[in-house]
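S.K.: Here it is, the structure, as structure tokens.
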Amino acid sequence: DPSHSKEPFLLLWTDWAQTYPGNQRIKVKVLESILKLITPDIVLDKEVFHYLSLSDQKDVWIQCNAISILKRLDPSLFHEVATKRLGTYGTDPDFFVRQHITTLLEQEDIAINPSFLAHIHNDPSEFVRQTLCQKIAFLPQGIVSQLLEDSSPQVRASALLNIMSMCSFKERCDRLLDRCTHELDLFVLRVCLKCIKDGFSDLKPDEQKK
């Protein structure tokens, strides 16, 4: 059974993730390997990854990989960590961890803990808020509207790009026309123009006449 042959490595690497005394890059690689090989039938000490997930003095990628592993091992413990990390706006490079957690969130996670959205939307880092735009497909309309009016041009542009694939052609035209009439930022306007051009280019010739 392949799962039994990799179990000794996973157990060793779990120990190394906490105790390896040398270069931190070894710990990062160890965690990446665990994440790649772990399966539901293998039991690992989740407290190791819980500790690393909350250790903001550790390498950022150690924290991020530990959080990813924790989501696989124990979703409820992942929610606990996510609530704490997303609700604490630590100094840079902490935003990388908050951004990573945002990439991991699924519709079910947000349904279980809606406060995630408030934490992310209020995050001082535009990179974290921009990542939330990738989740637009299952975000409440109120949050989508707020992202479209975000103070950061990058966030507004990202929200526009992500929402286009979800709208009918008419809805896209209405949204883009509204954006073009009051948007002042040149970057966002260029994104609008691209969306308009791409939208009409994707239409069949007979549809373009309508």
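The values are calculated or read from the model by the stated rules, or taken from the named source; none is laboratory data. What you see is a predicted model; the values in this text were computed from it and never measured. Ideal geometry is used to build each Cβ from the backbone, glycine not excepted, and the neighbour counts take in all protein chains shown. Just the protein is used for accessible areas: all its heavy atoms, side chains included, with ligands, DNA and RNA removed. Shrake-Rupley method; radii C 1.70, N 1.55, O 1.52, S 1.80 Å.
S.K.: As a test question: what accessible area, to the nearest 10 Å², does K170 have when a 1.4 Å probe is rolled over all protein chains in place?
M.R.: For K170, the solvent-accessible surface is approximately 140 Å².
S.K.: Ok, one more. Assuming 0.36 nm per residue, please report the length gained on full extension of the stretch S115 to F187 beyond their Cα-Cα distance.
M.R.: On the way: separation 72, 0.36 × 72 = 25.92 nm, distance 3.08 nm.
Full extension from S115 to F187 adds 22.8 nm.
S.K.: Hey, another quick one. Roughly how far apart, in whole Å, are the Cα centres of region 66-142 and region 148-167?
M.R.: 18 Å
S.K.: Roughly how many percent of the accessible protein surface of the chain is carbon and sulfur, given a 1.4 Å probe and a whole-percent answer? Mind showing how you got there, number by number?
M.R.: On the way: 6670 of 11650 Å².
Within the chain, the accessible surface is 57 percent carbon and sulfur.
S.K.: Using a 1.4 Å probe, how large is the accessible area of V191, given in Å² and rounded to the nearest 10?
M.R.: Result for V191: roughly 20 Å² accessible.
S.K.: Per the Kirkwood treatment, what hydrodynamic radius in Å, one decimal, follows for region 16-135 from the mean inverse distance over all distinct Cα pairs?
M.R.: Details: mean 1/r = 0.0686 Å⁻¹.
Computed over Cα pairs of region 16-135, the Kirkwood hydrodynamic radius comes out at 14.6 Å.
S.K.: So which of K46/K135; K71/K135; K6/K135 end up more than 29 Å apart by C-alpha? Don't skip to the answer; put the middle values down first.
M.R.: Working: K46/K135 27 Å; K71/K135 18 Å; K6/K135 34 Å.
Listed pairs above 29 Å: K6/K135.
S.K.: What figure, in Å² to the nearest 10, do you get for the accessible area of R179 with a 1.4 Å probe and non-protein molecules left out?
M.R.: 10 Å²
S.K.: Right, next: Determine ³J(HN,Hα), in whole Hz, for all residues of region 55-69 in sequence, where each value follows from phi through the Karplus function 6.51 cos²θ - 1.76 cosθ + 1.60 and θ = phi - 60°; x replaces Gly and Pro.
M.R.: 8, 6, 8, 7, 3, 4, 6, 5, 4, 5, 5, 5, 5, 4, 5
S.K.: With a 1.4 Å probe and all protein chains in place, put S33, S151, S201 in order of accessible area, largest first.
M.R.: Details: S33 40, S151 105, S201 80 Å².
Descending order: S151, S201, S33.
S.K.: About its Cα centre, how strong a charge dipole does the chain have in debye, to the nearest 20, once Lys and Arg get +1 and Asp and Glu get -1 at the Cβ? Can you show the working numbers first?
M.R.: Details: 25 positive and 29 negative charges, 121 e Å.
Approximately 580 debye in magnitude.
S.K.: Quick one: P(r) of region 1-79 from all Cα-Cα pairs, 10 Å bins, percents rounded to integers, in order of increasing distance.
M.R.: Binned Cα distances yield the sequence 20, 57, 22, 2.
S.K.: Continuing with the same structure: Averaged per residue, what accessible area in Å² does the chain show with a 1.4 Å probe, protein chains only? It would help to have the intermediate numbers written out before the result.
M.R.: On the way: 11650 Å² over 210 residues.
Spelled out: the 1.4 Å probe surface of the chain, per residue, equals 55 Å².
S.K.: Once you have a ≥ b ≥ c as the square roots of the Cα gyration tensor eigenvalues for region 99-210, tell me rounded if a/c is under 1.5, and otherwise prolate or oblate according to whether a/b is larger than b/c.
M.R.: Details: a/c = 2.57, a/b = 1.69, b/c = 1.52.
Prolate, since a/c reaches 1.5 and a/b exceeds b/c.
S.K.: On a 1.4 Å probe surface of the protein chains, which of C173, C133 comes out largest in accessible area, and what is the full order? Don't skip to the answer; put the middle values down first.
M.R.: Numbers: C173 45, C133 0 Å².
Greatest to least solvent exposure: C173, C133.
S.K.: Continuing with the same structure: Give me the mean projected area, in nm² to one decimal, of the convex hull enclosing the Cα positions of the chain.
M.R.: On the way: hull surface 60.5 nm².
Mean projected area for the chain: 15.1 nm², to one decimal.
S.K.: Mind checking region 130-210 for chymotrypsin sites (Phe, Trp or Tyr not before Pro) that DSSP puts in a loop (not H, G, I, E or B) and that have at most 15 other Cβ atoms within 10 Å? Could you put the intermediate results ahead of the total?
M.R.: Values: sites: F138, F169, F187, F200; in loops: none.
Sparse-neighbourhood loop chymotrypsin sites (Phe, Trp or Tyr not before Pro): none present.
S.K.: How much length is gained if the chain between T88 and S168 is pulled fully straight, taking 0.36 nm per residue apart and subtracting their Cα-Cα distance, in nm to one decimal?
M.R.: Net length gain for the segment: 25.0 nm.
S.K.: For the full complex of protein chains and a 1.4 angstrom probe, list D74, D59 by accessible area with the highest value first.
M.R.: Details: D74 20, D59 60 Å².
Ranking D74, D59 by accessible area, largest first, yields D59, D74.
S.K.: Over region 133-175, what portion of Cα pair distances is larger than 11 Å, expressed as a whole percent? Each step should come with its number before you reach the end.
M.R.: Numbers: 554 of 903 pairs.
That tail contains 61 percent of the Cα-Cα pairs.
S.K.: Using just the helices of the chain, give the 222 nm mean residue ellipticity in deg cm²/dmol: DSSP H runs with n ≥ 4 each add -39,500 (n - 2.57), and the total is spread over all residues, rounded to 500.
M.R.: Details: 14 runs with 152 residues, N = 210.
Here the helix-only value at 222 nm equals -22000 deg cm²/dmol.
S.K.: Roughly how many debye, to the nearest 20, is the charge dipole of region 26-105 about its Cα centre, given +1 on each Lys and Arg Cβ, -1 on each Asp and Glu Cβ, and no other charges?
M.R.: 140 debye
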